[in-house]
Amino acid sequence: MERRSFFKILSSVSAGVAASSCSNKTDTLIPLLVSNTEIVPGEEQWHPSVCSECSAGCGVIVRVMEGERTVERQGHKFRERIAAIKKIEGNPLDPVSGGRLCARGQSAVQSLYHPDRVTAPMRRKGTRGTAEFVPVSWDEAIDAVSRSLNIQQSADPGKILFLTRPESGSRSATIQNFLSALNAPPPLTCSLASFAVERKASEVVFGWRGVPVYNLARARYVLGVGADFLGGWVSPVYYARQFGEFRRGRPGVRGRFIQAESRMSLTAASADEWLPLLPGSEPEFLTAVTRLLLDARLARDPEQLPPAVLNSIKSADVASLARICGLNVNRLERITRDLGESDAPLVISGASSPNTNSLHAVAAAHYLNALLGNIGRPGGILAPNQDLSPLPLVGSVSEKLKASNFLLLDYQNPVYSLPAAAGARETLSQLEMIVSFSPFIDDSSAYADWILPDHHALETAQAVVPAVAPGSAITVGLPFIRPLYDTRALDQTLVAIAHKMGKSLEPVTPERYVKSLLPPDQTWDQVACRGGLWQEAPKPVGNEVPRVAEAQAAHSEIAVSPDLARFPFYFQPYLSLQFHDGSGANLPWMQELPDPVSSAMWNIPVEIDPQSAARLDIRTGDWVRVQSPYSSFEAPAYVYPAAIPGVVSMAIGDGHQHYGRYASGRGANPIEILAPVLEPSTGTLALGGTRVQIARLDRAPAGFVQFSPRDREQGPWGYR
Amino acid sequence: MAIDLDRCTGCQACVAACHAENNLPLSDPESAAKGRAFHWIRVDRYYEGEFPSIRVKHMPVLCQQCDEAPCEPVCPVYATYRNDEGLNVQVYNRCVGTRYCANNCPYSVRFFNWFDPVWPEPLPLQHNPDVSIRMTGVMEKCTFCIQRIQRAERDAASEHRQVADGEIQPACVQSCPAEAMTFGDLNDPESKVSRLAASGRATRLLEELGTKSKVFYLERSE
Amino acid sequence: MYLRGDFENDHSAAHALRQLRAVGFTPADIDVFSDEPIEFPKGVLPRPSRMSLTVVTGAVSFMLLAVGFVYYTQHNYPLVTGGMPLFSFWATGVIFYELTMLGAILTTLVCFLWESGLLRRSRRPVPIIEPGIICIRIGCLPDQADEARRALERAGARNIARMEVAE
Amino acid sequence: MAAVPEVIPYPEVRRDLWRPLERTGRSYSIWVIILLAIALWGLSCWGYQLYRGIGVAGIRRPVFWGFYLVDFVFWIGISHAGTLISAILRLTDANWRKPVTRAAEAITVFALMIGGLFPIIHLGRAWVFYWLIPYPNSRLLWPNFRSPLLWDLTAITTYLTGSTIYLFLPLIPDVAQLAEHASGWRRALYRKLSLGWTGSDREWHALERAMKLMAAIILAVAISVHTVVAWDFSMAIAPMWHSTIFGPYFVVGAIFSGIAALLLVMSIIRKTLHFERYLTPHHFNNLAKLLLLMSLLWLYFTVAENLTVWYGNEPKEMAVFGDRIRGHFAPYFWIMVVCNFVVPFVLLGIRRLRNIRTATIASITVLVGMWLERYIIIVPTLSMPRLAAAWGSYSPSWVEISITGATFAVMALLYLLFSKLFPLVSVWEFEPHPAEQD
């Protein structure tokens, strides 16, 4: 309890005052005798930590209490009492989570206590991909891995490929140090949630590193374009909090919100008005709005824009642009007027389903914001937290995979997150050596030769830089429970490997990571106690607005697979709230969480609009085959009343061949059938770049489970 | 409790929070297909209108803790009744499983344990020790996190003070990122929830039934 | 001592009963045995019964018991359900009704057993009768026996016999 | 179907009606074994359900009540055969009733025993069903008399007590006669049961009086029992349950199905026990006319129930209505209408078609129809609760189907055993005087 009220007190009192009282009396005494992780508390204790389920890096507090588990020793079963994590909540001190947490973050405890975790280092027994492993000792595993890594390193360190999560912090710093000690190339990521396009656009247009922060809470009129910021985007908790403030947090002020998106996402569902854009028409839409804004003389600072951009906008034809978007010009005019006349207008743009022209779209939104004069202002776009250690690069992973010999996988699943056409399976089965650090045997770890399981994030020490945060923020988590299994933190493993190879490597501990950024009035202990280091953003100097540069690489046309007659539907897989890039699929709570759109549980459907469904004689629950020029899959259909005719969407998450009992063999992976089309400036997979055909299967409608099958409030019957 | 539908984004953080706090049984595809998944709080979603002028209505629905609850009098063994604080409580040990209460709940927020719940090891480590695990054959439903209410009251009593407004937060309220949910004492006219309930935007679900429910929905209208 | 006389139909039996009543036998002295119920004309063999009244009394007392019981139990551990009053006739009227009826049923059974004399051990001799025969049994003092016998004979009885008290 | 009046000498009546008690045929034993096997199968299904949990049944959210409650209402309905019919006929002194009442009253008792079992089968924790019974207990908690389920409990207890007594009283003279003629254990049993019946006019008087009173009481109880069963539903504020018509509607339905059950049982008895001389076309004709009358009454109530809903057009009720009439449940609904109205109306309404065979056919369809009616009343309402997001569907599991089937076997079995112990036509009441037949 004390810890809890401590947090509550801290959140109201200014930081630093209560700093020395990290714990209650018993807490200060006991650690002298027993280490922190060995305490089995009978009373609840709350410890700060970091959520590692996505790159948002929310600060959390974790409730620890006694729990019981069964262990087997020498053939006998024992009940053992250990300190166990009961619940995860947001850390009230953390400016990102603000004491709140999304469904996925709260389910992190289920990945900690997942029945199918890898409990010890393992060596491959069967052929690659069959996921047959035998447990080995750490010494043996590290010996073997460092030996072969040594051979590769001395032969060609350029052929070592390290895939890691798109997150920055102490962990990624250790990885980078490890790789540079080996003279190997820096790590890559193949996560679908890297938001590389958004990062690139902000770098190109503003020269910022990172995803810009949208100060939604203080805006009055918001136009969202292509960013599902309340669903599976960069920082759902942060933006949902902002959204609550935006709507009803200010007395007498209710922010108005228009969302233009090619899918009725959760964000669009929360909007006052949804503009259904045809996929890939975001640049056209934004250009049209910008043009109308200029025409209406509502642009506050037209000189901001580079002349080339300004000219191209001025030469645009609104009517034809509107036609491309599938929208009415009058509607665009009304929205533009409202946007331009608002006290605090804001355009939030992103690429929830990246297209080949997404960079152009996001850049166009930045131009529009520049015209609206909200850059760096309250209620506008703010510069990101730039104290980042370099993020893992995004690039054409499939080519890099083919070019490498030695693959190290850190929570990355290229088999799942690359299209079948990219040939990741074949590449992986031919590589010389694959080492996985993942605590679960996923589709890609199934190909690994060695699995050196990492601790769960809640068992490990780490400092994470949140992807989006107001001001500068580092979230810190230190271990407070004994690791459940014979696992090792990644940095320990890397250090051990490096030492075996004769290289010197110091792990970047959270303490080391934070210390360099520590302001003079704070100590490491305070940071560790509170769970992070948070500072106000430096005030923009004077009225200086960042340089707005032209985004060159932008295609305006969306590149899609050819043969429109045979493949009449746009197909857009998207990052969902519950599964994100697919990594949440192994959590039973996420599987049984009714999908916000279809209310589906334990299976993700394909979302089809009612018109097309009627034409193809498809009803909700029917099985359909979705066929692209490259591949096909079968999944149940959901006739989504709000789907745009001709646009088929599907959440990413199902279709894992291996990923624990709750995800293995469940549903279909929409990535698999995608065209291997990349967004050119970043090398991100263009999720929206594929067209498909759909056919109903004559299979009994079974296997599709909805929590609430009925999606209309009234019954279908009236007088008739 | 008051739920601001204008803030609610339908993100279902509350649903997960409830599972974590209240040891809800895990479903599996088969039991879920049989309509036996547990969600003490659920987010109802309704589509209104047709494309393109279609809107979505998200509405978190949990036990409305009615003052005049239809579920209570039909129970033959007093397994559910209204306690002194006005909560509609479910006494698992008394329940014999007639399921009449669930039929008579107009909000369909009651859930039945068709079997003994099963969690594969080591998932039970996560169980909240403050909340009992329900056996087969008994009804269960949202309790407004009565364990949190009692804890706050105990703490306040030991510190010789009143429970402060907003001090008690059920798991769903605590988790809600958009802060759409507000919990407090409706008997105290000064509490935040009372003020919200008195605001013009407040309605109650199926108010026409006269259940005097204690969850107020603040309408989304502009 | 007991006398018995058999009759072949209810007319002659009724005639015999009238004769017996005329010579001073009361209905309490007389029993009629048959394997079918026999209706005599009114006044021939009056068997007054308080069954209806008793049943009503039984029913009412059960109702009062039920009201008291329900009132006691609901106040014994008072729990509010659905905002209903702890005790109300609307909510428990059905219970009162059913228990009233249960009272009536049970009283009927008791009355039946009492008035029919079943379950009460009797030492009176029971005549064995052939199917379709109506047998009249008269309990009389030895000095009345002749008179009774004559009355039976006058009514056309067959098989007039003396019966002994069973041990 | 004018019956030829026939006076059967008393000894012959006795011989005919006692014959089934004395002789047991091969087919009887075979039937007993088959029925026993089905009943045991049902029992083991119940055991399985107790062991695994009620979830082995198909009930789910939101259809928390399914087959078991349908069966409950159905069997309680059947139980109205006896009592109501025999009580009404007794009170109105309809003499043709006499060979019919015993069979009817036996149906009542057995159907009630079976029906009363279903609420227990359906409990989530059936092993603590006695918590509903008011007795001073260690839980220091009395049951909630405000619950319609407690109403049910008292009503059914009263009804079962009453109808058992009502069956037993007129059995006493028969048993007393049997005691004289039987030997061995039967004699001892009949002796005990006859309570020392001598056939004195005091006993006859008391019996007549008690039967008159019981008939009146049992009539009142029977009507209340099915009303209370109906109120289990109409006290709930679920759409299309919360209706004032339910009490009388259920009573009519109960009498309807009760008569059908009686007709069916009678025609089986007549055939198998060769009671042609005792259960004459005359009886069937009268009962068939009653069945026709109830069919029309049932139609009237069904129309009244649905018309008010349709006209009111209240969305939540309309959802259930629509699904019944035109949606998922429409096949069941229209089969029910055919079974309960069209078939009896045609077969029994047209005088030329009305005979024992058609009456039997009609009674079978009515039984099917009435079972469906209960299904139609319970399941659609529950699958469409007020909030559309909670709508769901229901299909029974093999356990529910087995247990339902087994109860029919149990009913037949009990009847077979009863027929071995007691004459199915009251011997002492049977006086086929030609003058009284019409």
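The values are calculated or read from the model by the stated rules, or taken from the named source; none is laboratory data. For clarity, every value in this text was computed on a predicted model and none was experimentally measured. Heads up, the Cβs are rebuilt from the backbone with ideal geometry, glycines too, and the neighbour counts pull from every protein chain shown.
Looking at the structure I just gave you, is A:A269 closer than 23 Å to A:S599 by Cα and in contact with a Pro (Cβ under 7 Å, 6 or more places away or on another chain)?
Numbers: closer than 23 Å to A:S599 by Cα: yes; in contact with a Pro (Cβ under 7 Å, 6 or more places away or on another chain): no.
No.
Please return the ranges of strands (runs of 3 or more DSSP E) entirely within the stretch B:1-118 where 2 or more residues are within 25 Å of B:S199 (Cα to Cα) and at the interface with another protein chain (Cβ under 8 Å from one of its Cβ atoms). It would help to see each step written out before you state the result.
Numbers: elements: B:2-4, B:42-48, B:55-61, B:80-82, B:88-90.
Hits in the stretch B:1-118: B:42-48, B:55-61.
Considering A:R241, A:R263, A:R247, A:R254, which residue is surrounded by fewer than 24 Cβ atoms within 10 Å (Cβ to Cβ) and not assigned by TED's automatic domain parsing to the domain that holds A:A686?
Details: A:R241 fails: surrounded by fewer than 24 Cβ atoms within 10 Å (Cβ to Cβ); A:R263 fails: surrounded by fewer than 24 Cβ atoms within 10 Å (Cβ to Cβ); A:R247 fails: surrounded by fewer than 24 Cβ atoms within 10 Å (Cβ to Cβ).
Only one candidate passes the filter, namely A:R254.
Just to verify a result, which residue in the stretch C:1-44, among those that are of a type in the set (S, T, N, Q) and within 14 Å of chain D (Cβ to nearest Cβ), is surrounded by the fewest Cβ atoms within 10 Å (Cβ to Cβ)?
Checking each candidate, the answer is C:T26.
Condition first: away from chain C (no Cβ under 12 Å), part of a loop (DSSP other than H, G, I, E, B) and at pLDDT below 90. Can you find one or more residues in the stretch D:140-152 that meet it? Walk me through it before giving the result.
Residues of the stretch D:140-152 away from chain C (no Cβ under 12 Å): none.
For the stretch D:140-152, residues away from chain C (no Cβ under 12 Å), part of a loop (DSSP other than H, G, I, E, B) and at pLDDT below 90: absent.
Checking the structure you have, find out if any residue of the stretch A:105-123 is farther than 30 Å from B:Q12 by Cβ, without any contact (Cβ under 8 Å) to a residue 60 or more places away in the chain and surrounded by fewer than 20 Cβ atoms within 10 Å (Cβ to Cβ). Spell out how you get there, then give the answer.
Start the filter on the stretch A:105-123 by keeping residues that are farther than 30 Å from B:Q12 by Cβ, which leaves A:119-123.
Checking the rest, the ones that are also without any contact (Cβ under 8 Å) to a residue 60 or more places away in the chain come to none.
No - not one qualifying residue is present in the stretch A:105-123.
Out of A:E68, A:E72, A:E43, report the one residue that is in contact with a Pro (Cβ under 8 Å, 6 or more places away or on another chain), acidic (D, E) and surrounded by fewer than 24 Cβ atoms within 10 Å (Cβ to Cβ). I'd like the intermediate steps shown before the answer.
Details: A:E72 fails: in contact with a Pro (Cβ under 8 Å, 6 or more places away or on another chain); A:E43 fails: in contact with a Pro (Cβ under 8 Å, 6 or more places away or on another chain).
None of the others qualify; the one that does is A:E68.
How many of the residues making up the stretch A:76-118 are of a type in the set (V, I, T), farther than 22 Å from A:P470 by Cα and more than 10 Å from every other protein chain (Cβ to nearest Cβ)?
In the first step, residues of the stretch A:76-118 are kept if they are of a type in the set (V, I, T); the result is A:82, A:85, A:88, A:96, A:109, A:118.
Add one more test, that the residue is farther than 22 Å from A:P470 by Cα, and what stays is A:82, A:85, A:88, A:109, A:118.
Among the residues that remain, those that are also more than 10 Å from every other protein chain (Cβ to nearest Cβ) are: A:118.
Within the stretch A:76-118, residues that are of a type in the set (V, I, T), farther than 22 Å from A:P470 by Cα and more than 10 Å from every other protein chain (Cβ to nearest Cβ) number 1.
Could you count how many residues in the stretch A:443-466 are farther than 24 Å from A:I85 by Cα and crowded, with 22+ Cβ neighbours inside 10 Å?
Step one: of the stretch A:443-466, the residues farther than 24 Å from A:I85 by Cα are A:443-451.
Now narrow it down to the ones that are crowded, with 22+ Cβ neighbours inside 10 Å: A:443-448, A:450-451.
So the answer is 8.
When the residues of the stretch B:115-155 are filtered to those that are of a type in the set (G, A, S) and within 22 Å of A:M65 (Cα to Cα), which remaining residue is surrounded by the most Cβ atoms within 10 Å (Cβ to Cβ)? Even if it seems obvious, please write down each step before you answer.
Of the residues in the stretch B:115-155, the ones of a type in the set (G, A, S) are B:132, B:137, B:152.
Cutting the leftovers down to within 22 Å of A:M65 (Cα to Cα) gives us B:132, B:152.
Values: B:S132: 14, B:A152: 17.
The selected residue is B:A152.
Failed condition for D:I114, given (1) facing chain B (nearest Cβ under 10 Å); (2) under 11 Å from the mean Cα position of the chain (by Cα), with all others met?
Every listed condition holds for D:I114 apart from (1).
Criterion first (within 22 Å of B:A69 (Cβ to Cβ) and not acidic (D, E)) does C:I95 satisfy it?
On the way: within 22 Å of B:A69 (Cβ to Cβ): yes; not acidic (D, E): yes.
Criteria met by C:I95.
Please return the ranges of strands (runs of 3 or more DSSP E) entirely within the stretch A:337-441 where 3 or more residues are modelled with pLDDT of 90 or more and assigned by TED's automatic domain parsing to the domain that holds A:L179. Let's see the steps before the verdict.
Numbers: elements: A:345-349, A:406-409, A:433-436.
Where strands (runs of 3 or more DSSP E) fall fully within the stretch A:337-441 and carry at least 3 residues being modelled with pLDDT of 90 or more and assigned by TED's automatic domain parsing to the domain that holds A:L179, they are A:406-409, A:433-436.
Kindly establish whether A:A322 is within 29 Å of A:A196 (Cα to Cα) and more than 32 Å from the chain's Cα centre (by Cα). Write out each step before concluding.
Working: within 29 Å of A:A196 (Cα to Cα): yes; more than 32 Å from the chain's Cα centre (by Cα): no.
So A:A322 fails the test.
Could you tell me which numbered condition B:F51 fails, if it satisfies all but one of (1) out of contact with any Cys (no Cβ under 6 Å at 6 or more places or on another chain); (2) surrounded by 24 or more Cβ atoms within 10 Å (Cβ to Cβ)?
Here B:F51 clears every test but (2).
If only one of B:E167, B:E207 is touching a helix residue (DSSP H, G or I) at 6+ places or on another chain (Cβ under 8 Å) and charged (D, E, K, R), which one is it?
Details: B:E207 fails: touching a helix residue (DSSP H, G or I) at 6+ places or on another chain (Cβ under 8 Å).
That would be B:E167, the only listed residue that is touching a helix residue (DSSP H, G or I) at 6+ places or on another chain (Cβ under 8 Å) and charged (D, E, K, R).
Output the number of residues of the stretch C:45-73 satisfying the condition of being touching a helix residue (DSSP H, G or I) at 6+ places or on another chain (Cβ under 8 Å) and either within 12 Å of chain B (Cβ to nearest Cβ) or closer than 18 Å to B:C75 by Cα (or both).
Qualifying residue count, the stretch C:45-73: 1.
Of the numbered conditions (1) in a loop (DSSP other than H, G, I, E, B); (2) surrounded by fewer than 24 Cβ atoms within 10 Å (Cβ to Cβ), A:A469 fails exactly one; give the number of that condition.
Failed condition: (2).
Of the residues B:D116, B:D130, B:D155, which single one is farther than 30 Å from D:P119 by Cα, acidic (D, E) and in contact (Cβ under 8 Å) with a residue 12 or more places away in the chain?
Exactly one residue qualifies, and that residue is B:D130.
Which one of these is of a type in the set (A, V, I, L, M, F, W, C), buried (at least 22 other Cβ atoms within 10 Å of the Cβ), part of a helix (DSSP H, G or I) and more than 28 Å from the chain's Cα centre (by Cα): D:A206, D:A179, D:A188, D:A222?
When all the criteria are applied, what remains is D:A206.
Name the residues in the stretch D:120-139 that are over 14 Å from D:Y68 (Cα atoms), in contact (Cβ under 8 Å) with a residue 40 or more places away in the chain and not in a helix (DSSP H, G or I), would you?
Scanning the stretch D:120-139 gives no hits.
Here is a check on your reading of the model: is D:G77 of a type in the set (G, A, S), within 14 Å of chain B (Cβ to nearest Cβ), closer than 21 Å to D:M370 by Cα and in contact with a helix residue (DSSP H, G or I) (Cβ under 7 Å, 6 or more places away or on another chain)? Reasoning before the result, please.
On the way: of a type in the set (G, A, S): yes; within 14 Å of chain B (Cβ to nearest Cβ): no; closer than 21 Å to D:M370 by Cα: yes; in contact with a helix residue (DSSP H, G or I) (Cβ under 7 Å, 6 or more places away or on another chain): yes.
It is false that D:G77 is of a type in the set (G, A, S), within 14 Å of chain B (Cβ to nearest Cβ), closer than 21 Å to D:M370 by Cα and in contact with a helix residue (DSSP H, G or I) (Cβ under 7 Å, 6 or more places away or on another chain).
In the stretch D:366-410, which residue that is assigned to a helix (DSSP H, G or I) and of a type in the set (D, E, K, R) is surrounded by the fewest Cβ atoms within 10 Å (Cβ to Cβ)? Write out each step before concluding.
Initial filter on the stretch D:366-410 (assigned to a helix (DSSP H, G or I)): D:366-383, D:388-390, D:398-410.
Next, from what is left, pick out any that are of a type in the set (D, E, K, R): D:373-374, D:400.
Details: D:E373: 28, D:R374: 25, D:E400: 23.
Step by step, filter the stretch D:366-410, then rank; the result is D:E400.
Give the residues of the stretch D:318-327 that are surrounded by 15 or more Cβ atoms within 10 Å (Cβ to Cβ) and assigned to a loop (DSSP other than H, G, I, E, B), sorted by residue number. Talk me through it step by step, then tell me what you get.
Pass one, the stretch D:318-327, residues surrounded by 15 or more Cβ atoms within 10 Å (Cβ to Cβ): D:318-325, D:327.
Within the stretch D:318-327, D:G327 is the sole residue that qualifies.
Can you tell me which residues in the stretch C:94-126 are under 22 Å from D:G199 (Cα atoms), buried (at least 21 other Cβ atoms within 10 Å of the Cβ) and among the small types (G, A, S)?
Of everything in the stretch C:94-126, just one residue is under 22 Å from D:G199 (Cα atoms), buried (at least 21 other Cβ atoms within 10 Å of the Cβ) and among the small types (G, A, S), namely C:S116.
If you go through the stretch A:299-315 one residue at a time, how many are surrounded by 11 or more Cβ atoms within 10 Å (Cβ to Cβ), in a helix (DSSP H, G or I) and aliphatic (A, V, I, L, M)?
The number of residues fulfilling the criteria is 3.
Within the stretch D:173-195, work out how many residues are facing chain C (nearest Cβ under 8 Å) and over 23 Å from C:P48 (Cβ atoms). If you could, list the steps in order and put the result at the bottom.
Taking the stretch D:173-195 as the starting set, the residues that turn out to be facing chain C (nearest Cβ under 8 Å) are D:173, D:177, D:195.
Okay, now just the ones that are also over 23 Å from C:P48 (Cβ atoms), so D:177.
Looking only at that region, the number is 1.
Out of all the residues in the stretch A:163-183, which are part of a loop (DSSP other than H, G, I, E, B) and surrounded by fewer than 24 Cβ atoms within 10 Å (Cβ to Cβ)? So that I can check it myself, show each step before the final result.
To start, the set of residues in the stretch A:163-183 that are part of a loop (DSSP other than H, G, I, E, B) comprises A:164-167, A:182-183.
Across the stretch A:163-183, the qualifying residues are A:L182, A:N183.
A:R250 passes all but one of (1) at pLDDT 90 or above; (2) away from chain B (no Cβ under 14 Å); (3) within 26 Å of A:T336 (Cβ to Cβ); which number fails?
(2)
Restricting to the stretch D:368-393, and then to whatever is more than 9 Å from every other protein chain (Cβ to nearest Cβ) and of a type in the set (D, E, K, R), can you tell me which residue is nearest to D:W298 (Cα to Cα)?
Once the filter is applied, the top-ranked residue is D:E373.
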